[in-house]
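Just below is one structure, and these are the notes that go with it.
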Amino acid sequence: MALLHEDRLFPADERSRTIARRLYEGIKGLPILSPHGHTQARWFANNEPFPDPVKLFVQPDHYVFRMLYSQGITMEELEIGEAEIEEPREVWRIFASHYYLFRGTPTRLWLDYAFQELFGMTERLCEKNAQRYYDTIAQKLQTPEFLPRTLYDRFNIEVLATTDSPLEALADHEAIRKSGWKARIIPTFRPDSVVDPQHPGFLDNVRALGALMGEDTFTWRGYLRALARRREYFKEMGCRATDHGHPTALTEDLSETSAAALFEQVIKGTAYAADLEIFRGQMLTEMARMSLEDGLVMQIHPGSVRNHNAQIFARYGRDMGADIPAPTNYVEALRPLLNRFGNERNLTIILFTLDETTYSRELAPLAGHYPCLKLGPPWWFHDSPDGMMRFREMATETAGFYNTVGFNDDTRAFLSIPARHDVARRIDAAFLGRMVAEHRLDEDEAVELAKDLTVGLVKKAYKL
Amino acid sequence: MALLHEDRLFPADERSRTIARRLYEGIKGLPILSPHGHTQARWFANNEPFPDPVKLFVQPDHYVFRMLYSQGITMEELEIGEAEIEEPREVWRIFASHYYLFRGTPTRLWLDYAFQELFGMTERLCEKNAQRYYDTIAQKLQTPEFLPRTLYDRFNIEVLATTDSPLEALADHEAIRKSGWKARIIPTFRPDSVVDPQHPGFLDNVRALGALMGEDTFTWRGYLRALARRREYFKEMGCRATDHGHPTALTEDLSETSAAALFEQVIKGTAYAADLEIFRGQMLTEMARMSLEDGLVMQIHPGSVRNHNAQIFARYGRDMGADIPAPTNYVEALRPLLNRFGNERNLTIILFTLDETTYSRELAPLAGHYPCLKLGPPWWFHDSPDGMMRFREMATETAGFYNTVGFNDDTRAFLSIPARHDVARRIDAAFLGRMVAEHRLDEDEAVELAKDLTVGLVKKAYKL
Amino acid sequence: MALLHEDRLFPADERSRTIARRLYEGIKGLPILSPHGHTQARWFANNEPFPDPVKLFVQPDHYVFRMLYSQGITMEELEIGEAEIEEPREVWRIFASHYYLFRGTPTRLWLDYAFQELFGMTERLCEKNAQRYYDTIAQKLQTPEFLPRTLYDRFNIEVLATTDSPLEALADHEAIRKSGWKARIIPTFRPDSVVDPQHPGFLDNVRALGALMGEDTFTWRGYLRALARRREYFKEMGCRATDHGHPTALTEDLSETSAAALFEQVIKGTAYAADLEIFRGQMLTEMARMSLEDGLVMQIHPGSVRNHNAQIFARYGRDMGADIPAPTNYVEALRPLLNRFGNERNLTIILFTLDETTYSRELAPLAGHYPCLKLGPPWWFHDSPDGMMRFREMATETAGFYNTVGFNDDTRAFLSIPARHDVARRIDAAFLGRMVAEHRLDEDEAVELAKDLTVGLVKKAYKL
């Protein structure tokens, strides 16, 4: 008995499945490139054991607790937001007895993979075996095989990018480099907290950036200079990319005078909400300009309505499973930036979306024309077998494969990394397998494509 | 020869089909739960024979006559809107000779099911056999086997909900209860005519509600009290749910003072169109508040642009096949209501949509977080094999199965009820069969899920 | 070895594929009806050899060069926009060495078809065989078998529609008719340049139309009369349809006084941008009115944001691969026109879209009700295997097959015509094959449908 079938996620029809199986064989052992994610450099700097099963699998994973919450289990029962879990076995029991809720979701696939491949479980998690599961996991986590660095090596990771505020000193990254451990754990420059005036603590953050860089960041020029210099520091620390999580994809291309005047209002706190959106849009164009200079790849993640649940936000803060996607426009929103830099061949902007309608309508046509644009993989709610399949089906015919950039695991859950990459590789094999079965592609091409989607395009897009 | 193949709607590949067949075997005989629809309690109260084939299959079914109309057949030729059909055989001949127009539509599936399973026809309807069909159906309709109550029992219906105005006395429901016949035919509280100021006759309806309940419904408090008390009456009559067919999903959460002031303007007829929309939005939140008190489940059906064809509306009135879906937003529209009541675990709000883009973008993420939200099945134009499949494919990975509520037949055509539930069961079996074939689910789980989707989730969501 | 597999594009599962194969056998040899496209009548009037491979396959095909451009190849390297190609073999080499970029795109399918079926190539194009390919194609193009008229006959084309400005004299069409060659090459009336005030040279065009027709086109009445009379002339030249490429689907139904006043402002250049949009909307309704009089079928192609890339537009002009689709609304936009003419059974309006979300939400419901409306085939970016499949899956259940109008190749590339129709026929066979395999349709019906989709519905919709 096993949790994982070796043919999982391959097409049901035998003709496609046979081809998919062969294609997967050629890529399953390739190293993992993880150019975008939310693991903590600290784990690898300190190399201490991961805590108990609840702190590993339930508390930090909003995919997990949002589903439980949606079915009437309270945040209190799950001890979400608590520094110490008082009754970890009880939380685990609740989780286990509701494991059936995850049927048909990617969370189930990721968890089963970790349970079987890392912890050797072969029986589906349920209330009855909850304590046995707990004991096994808790015990293994204390062994040297489960230390972060050992797992990193075992996972065959070649590069792992974290996501970091410009205010971060990157001390953990520094410590890893100095430790002599041969791993490539690199930061990503995520400036939302210093470029989005609606970010909590924005003014303090801008002031802190100034202090850090010795610039007067309350002037437009000093502010831009501080950002550019901070990017340089990140780059020296191995950073290859920036990341931008704006509410919309709006960009602007103001004159320097207008931009400086707007910045002054923003700093004074006299700007209207609409002007704050314009400011964010202007900052995307400024970031593109800097990317053209320093070569950092730009990632844009728009379209999430953050903290939709006011009560949850008030009590638990951000990233609590209450972010909801909204319709997102790219074609008009990106026009100012693209009219300025769209034809630059030395600029790479990777677009993500939570609005699947834009794949075939806007994103594939844009990326199939502008040299600077590439399409990021299906993101967040769409990082799932059917979600990935829809992305390929809707984007490929217009953008081709070579305007995409391979997979991002985008995860906070280190142990889910191999599972997530495995799902992506299987779905790519499944999609390509169907294309070959339908004679839309020759198998030798599919073999090459499978490798490019797993490794080649990632290295190229992120300059790894 | 037969109209219906036993494997219809199962996946074409043998691996998935074999599993789907087994899953369907486990659910095909389960009783029918119909918690949302538009049949008439009067039929069962009076238990008189259904009229002739045209009055049964053509005249009341907007799916049927809208397709014929779209192809140039006039409403006059079909005698739509006439109290008596003058030339039923000629209307039937027109219908039969255009039956090929329904190829590929769910209407065809529903009709073939009724023709074969109820009337024993085995040859596809066409002009040549039109009169034979007519005779057979007309004759059988006069037999005791075809009386409404006999069919109800034969269909193995466990609960059947009608949809009723608050002004309805529910005399037919009362008569059924008193008749001693053991059937559960329950009303649904559909207050559009007394909460939507743009509903024809709104003021008269509000006045009538006041008269009925002995309240002054031209004051805000009296109006709310009358609604709450009328809900109580419906509940006593077996009602489990309310239903709201608003143009959009907009909700509001006004202070009591503002709400009362707005109500006054609405009653005086001095409110602007935008304010009428705000009023409707406020009434959704009021209804949610009442649901929290009386336990009635709330169904929201937004996004239909009613009576798009002005000429048809002027001559024939509502529900004439000229309602067209429009883009529908949920994420911002529902925010006021959700910020007020979204975290209530004792409230159930079932969301429907005519805009399929919202399944993966808004509805599944919302229902996968808020405890009060559940997703209704594909509605109206999307109540079809491919429509149902898209719903499962786009909603399941984020919302799971357990934030859905099973099937609604939503029909005015009593004879189509078994056919519609059969389609839903087959598509669920097909979807689950593919999931098992792709090893995304174990078969024992699929067996349990198939039953939950058919019975368990319906009973739970609608508190049956 | 071959570029094309005989089973290409058929479903992967054997059950569906076997049926699809049979259905395709019944339609593959049927004549080509091409009621909408952008080939040049001049080619057939002059009947001169097509120029070299680059001028045939690369330079005029924005599908080809936009993909190359998106991957960093410059317009200069491809000699786009040059009257003479200086280094055709080098351009061809660049194209060949990047042929892998087209994997998974319809361009690849179209090109491989032409390469194999017309030029006898059996090896995939790549850098190594680039010059051999070039030589073979260049040589064959000089042979009598590759003259435009010979190819037209060989392609088994029954009707070929071009797309023409009202200012066109249609001399080439006239020359073809007088030449005694038995081919039906007909113009299409595309009035954008004289009805869209934002079209470059609009006023000059309106003046020229007046000169041509001897009308004062700077008065509203004279303008309308000139258009009506020009339509008559096109009709005499074999024209069956008009075509309208507006930014949106907006229609208006102004009083004659308002329309005349708006026209005056438009001519004077004093109208606001919003008024220009209203004017375009009014002109759609005027065109519908004229169609009702003269019987020309109306095609509406809305939703393309033209010339999105300002630099490319400034240097190379229109149609350079930089048009990007935008969200498009139909339900409110078409209401004024439909309220005026929607119930006319003698009017045919064919709707196209670049926004696939409208298939199931707006277009199928509209076409499934209004007698004048039909759905055009998937357009432009969606004229692809998966695009066509999505169209059938999302439109058929509500609109049926008989509110669609068969295939349009819509191409500027004459040599791609057989390839494009072959793809459409194969996808229709694949879709119908699956429907039969799933017992949603009987095979005899599918056989009839396949023919209707290929020939019958095209002839009926375009009155051919």
Taking alpha-carbon centroids only, region C:167-197 lies from region B:10-66 a number of Å equal to 53 Å
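Is the C-alpha gyration tensor of chain C telling us rounded, prolate or oblate? Criteria: a/c under 1.5 is rounded; beyond that, a/b larger than b/c is prolate, otherwise oblate.
Details: a/c = 1.68, a/b = 1.25, b/c = 1.34.
In terms of gyration-tensor shape, oblate.
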Counting only backbone N atoms under 15 Å from a point 7 Å out along Cα-to-Cβ of B:THR122, the residues of region B:1-33 in range are B:1-6
Label points for C:ASP444 built 7 Å along Cα→Cβ; distances to same position in the other copies, nm, shortest first, come to 4.8, 4.8
Within the under-10-Å Cβ sphere about B:ALA424, not counting B:ALA424, Lys/Arg +1 and Asp/Glu -1 give a net charge of -1
Expressed to one decimal in nm², the mean projection of the alpha carbon convex hull of the protein assembly as shown is 52.1 nm²
The alpha-carbon center of region C:119-145 and that of region C:402-464 are separated, in whole Å, by 31 Å
In region B:166-274, the trypsin sites (Lys or Arg not before Pro) that sit in a DSSP loop and have at most 11 other Cβ atoms within 10 Å of their own Cβ are B:LYS182
Convex hull around the C-alpha positions of region A:179-274: the volume in Å³ per residue is 129 Å³
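Below 8 Å, C-alpha to C-alpha, sequence gap of six or more: please give me the relative contact order for chain A in percent.
Numbers: 762 pairs, mean separation 95.9, N = 464.
Reported relative contact order: 21 percent.
Report the A-C buried area as the accessible area lost on both sides summed, probe 1.4 Å, in Å² to the nearest 100.
Working: alone 19760 and 19750 Å², together 35410 Å².
Buried: approximately 4100 Å² between C and A.
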For the C:GLN198, A:ARG154 Cβ pair and Förster radius 45 Å, calculated FRET efficiency rounded to 0.05 is 0.15
For C:LEU276 the rounded accessible area (nearest 10 Å², probe 1.4 Å, non-protein molecules ignored) is 30 Å²
The Cα extents of region A:1-146 along the principal axes, largest first and rounded to whole Å, are 52, 37, 28
For A:ALA169 and C:LYS268, extending 7 Å from Cα along the Cα-Cβ vector and measuring point to point gives, in nm, a value of 7.1 nm
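Restricting the count to DSSP beta bridges whose residues both fall in the protein assembly as shown, what percent are antiparallel, rounded to a multiple of 5? Working shown, then result.
Details: 6 of 60 bridges.
Of all bridge pairs located within the protein assembly as shown, approximately 10 percent are antiparallel.
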Dividing the helical contributions, -39500 (n - 2.57) per DSSP H run of n ≥ 4, by the residues of the protein assembly as shown yields a 222 nm value, nearest 500 deg cm²/dmol, of -13500 deg cm²/dmol
The correct pairing of chain A residue and whole-Å distance, for the Cβ nearest the axis that maps A onto C, is A:ASP13, 2
Residues hit by the 30 Å² burial cutoff in region C:295-338, accessible area with a 1.4 Å probe, assembly against chain on its own, are C:VAL305, C:HIS308, C:ASN309, C:GLN311, C:ILE324, C:PRO325, C:PRO327, C:VAL331, C:ARG335
Quick calc, B:GLU443 & A:ARG93: beta-carbon distance into FRET formula, R0 25 Å, rounding 0.05, result 0.45
Inter-chain shielding metric for A:385-391, i.e. average beta-carbon neighbours from other chains within 10 angstrom, reads 3
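In region B:218-275, what chymotrypsin sites (Phe, Trp or Tyr not before Pro) fall in a loop by DSSP, with at most 15 other Cβ atoms inside 10 Å? Don't jump to the answer; show the numbers that get you there.
Working: sites: B:PHE218, B:TRP220, B:TYR223, B:TYR233, B:PHE234, B:PHE263, B:TYR272; in loops: B:PHE218, B:TYR272.
Those that pass, being in a loop and sparsely packed, are B:PHE218, B:TYR272.
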at A:GLU84 the sorted inter-copy label distances (label 7 Å from Cα on Cβ side), in nanometres, are 8.7, 8.7
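Working with all protein chains in place, sort C:HIS38, C:HIS173 by solvent-accessible area computed with a 1.4 Å probe, largest first.
C:HIS38, C:HIS173
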Residues whose built amide H sits under 5 Å from the amide H of A:ILE186, excluding neighbours closer than 5 in sequence, are A:LEU160, A:ALA161, A:THR162
Each label sits 7 Å from Cα toward the beta-carbon; between A:GLU145 and C:SER179 the label points are separated, in nm, by 7.9 nm
Given a 1.4 Å probe, the accessible area of region B:50-144 per residue, as a whole number of Å², is 37 Å²
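Calculate the all-directions average of the projected area of region C:326-464's alpha-carbon convex hull, and give it in nm². Can you show the working numbers first?
On the way: hull surface 34.8 nm².
It is 8.7 nm².
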So the pair-distance distribution of region A:160-218, from every Cα-Cα distance in 10 Å bins, comes to percents of 23, 41, 26, 10, 0
Sorted shortest first, the nm distances from the C:LYS459 label point (7 Å along Cα→Cβ) to its counterparts in the other copies are 5.9, 5.9
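Return one whole number: the accessible area per residue of region B:287-340 in Å², for a 1.4 Å probe. Let's see the in-between values first.
Values: 1720 Å² over 54 residues.
Here the per-residue accessible area is 32 Å².
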Sorted by chain and number, the residues with a modelled amide H under 5 Å from that of B:ILE32, at a separation of 5 or more or across chains, are B:ILE157, B:GLU158
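When a/c is below 1.5 the answer is rounded, else prolate if a/b is larger than b/c, else oblate, so apply that to region B:55-120 with a ≥ b ≥ c taken from the square roots of the Cα gyration tensor eigenvalues. Intermediate results must be reported in sequence, preceding the final value.
Numbers: a/c = 1.90, a/b = 1.31, b/c = 1.45.
Here region B:55-120 falls in the oblate category.
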With the full set of protein chains present, the residues of region C:401-449 whose 1.4 Å probe accessible area falls by 40 Å² or more relative to the chain alone are C:TYR402, C:GLU438, C:HIS439, C:ARG440, C:GLU445
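Can you compute the charge dipole magnitude of chain C about its Cα centre, using +1 on each Lys and Arg Cβ and -1 on each Asp and Glu Cβ, nothing else charged? Give it in debye, rounded to the nearest 20.
Values: 55 positive and 67 negative charges, 146 e Å.
The calculated dipole for chain C is roughly 700 debye.
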Under the Karplus relation with 6.51, -1.76 and 1.60 and θ = phi - 60°, whole-Hz ³J(HN,Hα) for region B:369-379, x at Gly and Pro, equal 10, 6, x, 7, 8, 9, 9, x, x, x, 10
Once amide hydrogens are built 1.01 Å from N within the peptide plane, the residues lying 5 or more places from B:LEU373 or on another chain with amide H under 5 Å from its amide H are B:ILE349
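Let's test the formula: R0 of 60 Å, r as the Cβ-Cβ distance of B:ALA260 and C:THR219. What FRET efficiency results, to the nearest 0.05?
E between B:ALA260 and C:THR219, to the nearest 0.05, is 0.60.
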A 1.4 Å probe over the protein heavy atoms gives chain B a carbon and sulfur accessible-area percentage of 49 percent
Among beta bridges assigned by DSSP with both residues in chain A, the antiparallel ones amount in percent, to the nearest 5, to 10 percent
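The values are calculated or read from the model by the stated rules, or taken from the named source; none is laboratory data. Given the structure is predicted, the values throughout are model-derived calculations rather than measurements. Every residue, glycine among them, receives a Cβ derived from its backbone with ideal geometry; neighbour counts consider all protein chains shown. Only protein heavy atoms, including side chains, enter the accessible area calculation; ligands, DNA and RNA are left aside. Shrake-Rupley method; radii C 1.70, N 1.55, O 1.52, S 1.80 Å.
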